[in-house]
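Participant: Starting off with a structure, shown below.
Just so it is clear, none of the values below were taken in a lab; they were calculated from the coordinates. From a predicted model like this one, the values you see are computed outputs, not experimental measurements. Neighbour counts run over all protein chains shown; Cβ positions are idealised from the backbone, glycine included.
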Amino acid sequence: MKKIINVAILFAAAFILTPVLAAEPKYNAFYVFGDSLSDTGNVLAITKLQKIDPAIPPSESPHQTYYQGRFSNGPVAVEYLWRQLDDNASLTPFLSKPKIPSTGGVSFAFGGSTSGYLNQMPGGLYVPGVLGQIELYRKVLNGKTANSRALYAVWTGANDYLMGRTDQPSEVVTNISKAIQTLYSLGARNFLIPNLPDLGLTPMVQVNGGGADFMALTQSHNAQLAQALKQLTQRLRGIQIFYVDLFTLSQNLLSDDKKFMLIPPALEVLAPGTGATDCFITDPSICPDVDVSAELPPPHLVFWDLMHPTTFIHKLYGDAMLESLKAKK
């Protein structure tokens, strides 16, 4: 069974070409497409529906190793962003409210998803990839035009590489471009697009000795993504693309190891020797009860498990995303 390695590395900074600080933008809705970095409870909902016990990610006692269906110990980056954009509003998982409201925040993201239409995650569960998630959004629109005042986040790619789906960035970037173009054709105009942080820094990748290869793969992906976004900006009239550069800040992490630590993951500190760092992949029934609200002493631990960042890091991502939206050409 292939292991999912959903990655996020520390800090984030955001930019678009020739940025100038502007007033905080106002969006009346926020729709998110992606993987476990943006899933606010969709995988939890579908595994509960299938009566998988414990549901994934294990979020209830006696297996409370994750926070309320997030693949972390707290809210994720896009939640932190939306709270700042809409006065502490929530980002609802799509499966809990399949009829999309005209305003508000909805996450279509599924943990374990790739950039395509459909893929299998560990345990045999099939989840919609980003292109599949957009088809779900198209379906619930039911022929209506997408909200042009909404913000649309597309954050994907890591699982394509880390789950061994492909080693060709052109395939993944093509899917991201198609996702943006499809949303644009439906009426979307405002896009938040993060690149990939250095996948080679992920604890599981480091343990397996693949750091250099995955770093090179990340660099190739990001270069092709930046070029594709530039072309879309030039070609699609009225589009706004806010690009978030996670790779640069993940590199800056390497010179700031007194404040942040990649290893060990927080779960290894809180539940040593229990196998908690990858229990949701190997055997969810062995996931232990963990105090997900526990404060850990500095330096800040970047990862909650072998793959997913802590909510502290997600908060930094959310702040950086907000800064990207305050910039304009």
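Participant: Can you tell me the 0 to 90 degree angle between the C-alpha axis of helix 311-325 and the longest principal axis of the chain, rounded to 10?
Facilitator: The helix 311-325 is inclined about 10 degrees to the chain.
Participant: Give me Lys178, Lys139 ranked fewest to most by other Cβ atoms within 10 Å of their Cβ, as a rough exposure proxy.
Facilitator: Values: Lys178 15, Lys139 11.
By the 10 Å Cβ count, ascending: Lys139, Lys178.
Participant: So how strong a dipole does region 276-329 carry about its Cα centre when Lys and Arg Cβ are +1 and Asp and Glu Cβ are -1, to the nearest 20 debye? Numbers along the way, then the final one.
Facilitator: Working: 4 positive and 8 negative charges, 127 e Å.
Dipole of region 276-329, to the nearest 20 debye: 620 debye.
Participant: Of Pro298, Phe110, Pro284, which is farthest towards the positive pole of region 13-328's charge dipole, taken about the Cα centre with +1 and -1 on the beta-carbons of Lys, Arg and Asp, Glu respectively?
Facilitator: Ranked along the dipole, the leading option is Phe110.
Participant: Could you size up the charge dipole of the chain around its Cα centre, putting +1 on the beta carbon of Lys and Arg and -1 on that of Asp and Glu, and report it in debye to the nearest 20? Let's see the in-between values first.
Facilitator: Numbers: 25 positive and 26 negative charges, 335 e Å.
It works out to roughly 1620 debye.
Participant: Determine the principal axes of the Cα atoms in the chain, then give the extent along each, sorted from largest to smallest and rounded to whole angstroms.
Facilitator: 55, 45, 39
Participant: Angle between the Cα long axis of helix 169-186 and the longest principal axis of the chain, 0 to 90 degrees, nearest 10?
Facilitator: 50 degrees
Participant: Taking the number of other C-beta atoms within 10 Å as the exposure measure, put Ser36, Ser61 in order starting with the fewest.
Facilitator: Details: Ser36 28, Ser61 8.
Sorted ascending by nearby Cβ count, the order is Ser61, Ser36.
Participant: Now for a separate question. How many nm separate the modelled label positions at Gln50 and Gln234, each set 7 Å beyond the Cα in the direction of the Cβ?
Facilitator: Roughly 4.4 nm, to one decimal.
Participant: Listing Asp39, Asp289 from the residue with the fewest other Cβ atoms within 10 Å to the one with the most, what is the order? Present the calculation step by step, with values, prior to reporting the outcome.
Facilitator: Details: Asp39 30, Asp289 15.
Ordered from fewest to most neighbouring Cβ atoms within 10 Å, Asp39, Asp289 come out as Asp289, Asp39.
Participant: While we're here: Which links in Lys258/Lys315; Lys259/Lys315; Lys178/Lys230; Lys51/Lys315 stretch past 24 Å when you go from one Cα to the other?
Facilitator: Working: Lys258/Lys315 19 Å; Lys259/Lys315 16 Å; Lys178/Lys230 14 Å; Lys51/Lys315 32 Å.
From the list (Lys258/Lys315; Lys259/Lys315; Lys178/Lys230; Lys51/Lys315), the Cα-Cα distance tops 24 Å for Lys51/Lys315.
Participant: If you take every DSSP beta bridge fully contained in the chain, what fraction is antiparallel? Give it as a percent rounded to 5. Before the final figure, lay out each step's value.
Facilitator: Values: 9 of 31 bridges.
Roughly 30 percent of the DSSP beta bridges within the chain come out antiparallel.
Participant: Also, I was wondering about something else. Suppose R0 equals 22 Å; then what is the FRET efficiency for Arg138 and Lys97 from their Cβ-Cβ distance, rounded to the nearest 0.05? Before the final figure, lay out the partial values.
Facilitator: Numbers: r = 17 Å, r/R0 = 0.77.
It comes out at approximately 0.85.
Participant: Using +1 at the Cβ of each Lys and Arg and -1 at the Cβ of each Asp and Glu in the chain, identify which of Asn119, Leu85, Leu262 lies farthest towards the dipole's positive end.
Facilitator: Leu85
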